[in-house]
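These notes are about the structure you will find just below.
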Amino acid sequence: MISITIFTIIFSYVCKKIVYQMKKNTLVSLLTFILVNFSYAQAPVPASAQSKPIILSNATIHIGNGQVLNNASIRFENGIIKQIGTQVEKNGAEDINLNGQHIYPSLILPATSLGLTEVGSLRPTHDYEEAGDFNPNVRAMAAYNVDSEITPTLRSNGILLAQIMPRGGMIAGTSSVVELEGWSKEDAQHTIDNGLHINWIPMFFRGGFFSPSGNVNKNEKRDEQIKVLQDFFVEALSYFQKGGTTPKNLKMEAMKGIFDGSKTLYIHTSFGREIIESVQFAQKYQVKKIVIVGGEDCLPVADFMRENNIGVLLSRVHRLPYRPEQDVWEPYQMAAKLKSKGVLVGLTYDENDNEPMGARNLVFLAGTCAAHGLDKESALATVTSNTAKILGIDSKVGTLEVGKEATLVVSEGDILDMRTSKVVHGFVRGKKIDLNDKQKELYQRYKQKYSQK
């Protein structure tokens, strides 16, 4: 009995020492991890406002509307484009000779949670969703993080504007368009609170590797959920028609914009029958402007979309077809086929992916469309001018025209081609921004390591 007691005491002491050492090592490791990552997680310092005129000369200028100017120049002052063409005044301007490089309008990333989430596996970094099914008053702009480590990696590929949106529930909330530059979210805001996002209750399942898509959703509560959504819209339309109440209902106030046309209703859905059902639902309640987000299987209802002036932010270009009878190339050809039917098409990165870091490849989705039916300039429009029209910001950005904002990028080669795309300059309203990012820093660090060996 005594030997057992002594053994127990010794064993307990040894365990405590092991636990203490483990805690100590874990703490040291955690602090080291934080410090090492902090040293690489600094976003580039935001640029100062444009102080003098700038001319980008001797370049190929892609206007964004299909027009291309060779051996041309562009002049901008105070963040606004003043001249474009082969004859541009150079008085008092900083002249940057591009030696034949390419100038493009800034790429625009719509329907993203950029700045609202950082690491998919770390829940504390998620701020894109609120509890409950009806949250029209939730504003993405209120949670936007300008210091996201992901943002600089998107700027390196030419994306300088993004539409940030909340997710979750039936009515997710209100989106805003931001510039990917600035010290604060007030600096970054471009066009705020101009879109309301709803997640349409699916008729069909998308399916997976072993399950074909298009299977009927056997959710017995679907009709009941549609009825709840109808009741909410009836109340919202009545509130709008009465001019509101005292005190104000914040949820109903946030809905007013879709009835007076100051907000666009973005309906997230995929299949043709869902699109028809959701659009007719919105029209029934006098919604002025409607856009489909996702729309991966919208080709069968393209005529309906054209007749009702419904644009689409097409996602999941890089995927397999949903059904075995479809051509394997159909997802790549979708944008070209929709354009041929008169539908306004913009591209978004997978809008169902809560991790936005892959969205830096948005321009290469347009490149895929260019290789499967669209000409190069029409493909460029799917990530510039078309998207600007869909988001309602085309009076300011989307094309390079006199009077519009000087938000543009310069690439050494064809920006749609990953083999030649290399963005070397970026300007946000005339401000020359730093295109460095964590991945470039790591590349230079380990390049030096191996060159020394």
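What follows is calculated from the coordinates using simple rules that are stated; it is not laboratory data. Keep in mind the model is a prediction, meaning the values are calculated, not measured. In this analysis, Cβ positions are derived from the backbone assuming ideal geometry, glycine residues included, and neighbour counts consider all displayed protein chains.
Placing +1 on the Cβ of every Lys and Arg and -1 on the Cβ of every Asp and Glu, with no other charges, gives the stretch 157-316 a dipole of roughly 320 debye about its Cα centre. Taking amide H as placed 1.01 Å from N in the peptide plane, the amide H of residue 270 sits under 5 Å from that of 295, each at least 5 places away or on another chain. Our estimate of slack between residue 436 and residue 420, defined as 0.36 nm per intervening residue step minus the Cα-Cα distance, is 3.9 nm. The fewest-to-most ranking of 153, 382, 246, 174 by surrounding Cβ atoms within 10 Å reads 246, 153, 174, 382. With 19 Å as the limit on Cα-Cα distance, the pairs of 82/431; 90/376; 227/248; 52/440; 263/339 that go past it are 90/376; 227/248; 52/440; 263/339.
For the ranges 395-401, 44-50, what's the packing order if you count other beta-carbon atoms within 10 Å of each residue, average per peptide, and put the highest first?
395-401, 44-50
Mean separation of Cα pairs under 8 Å and 6 or more residues apart, divided by the residue count, gives the stretch 110-397 a relative contact order of 16 percent.
If a/c stays under 1.5 just call it rounded; otherwise compare a/b with b/c (prolate if a/b is bigger, oblate if not). Do that for the stretch 110-397, with a ≥ b ≥ c from the square roots of the Cα gyration tensor eigenvalues. Rounded, since a/c falls under 1.5.
The fraction of all Cα pairs in the stretch 363-453 landing in successive 10 Å bins from 0 to the largest distance is 15, 34, 33, 13, 5, 0, given as whole percents. Neighbour counts of C-beta atoms inside 10 Å place 190, 318, 372, 197 in the sequence 318, 372, 190, 197, starting with the fewest. Largest first and in whole Å, the equivalent-ellipsoid semi-axes of the stretch 362-406 read 22, 10, 8, each the square root of five times a Cα gyration tensor eigenvalue. If you plug the beta carbon distance of residue 283 and residue 221 into 1/(1 + (r/R0)^6) with R0 = 22 Å, you get a FRET efficiency near 0.35.
In the stretch 110-397, the DSSP beta bridges split such that about 40 percent are antiparallel, to the nearest 5.
Reported to the nearest whole Å, the Cα centre-to-centre distance from the stretch 273-308 to the stretch 376-406 is 23.
Highest mean first, how do 442-452, 287-297 rank when packing is the count of other Cβ atoms within 10 Å averaged over residues? Could you put the intermediate results ahead of the total?
On the way: 442-452: 9.3, 287-297: 23.7.
Output ranking for 442-452, 287-297: 287-297, 442-452.
So between residue 187 and residue 308, what do we pick up on full extension, going 0.36 nm a residue minus the alpha carbon distance?
The span from residue 187 to residue 308 would gain 39.9 nm if fully extended.
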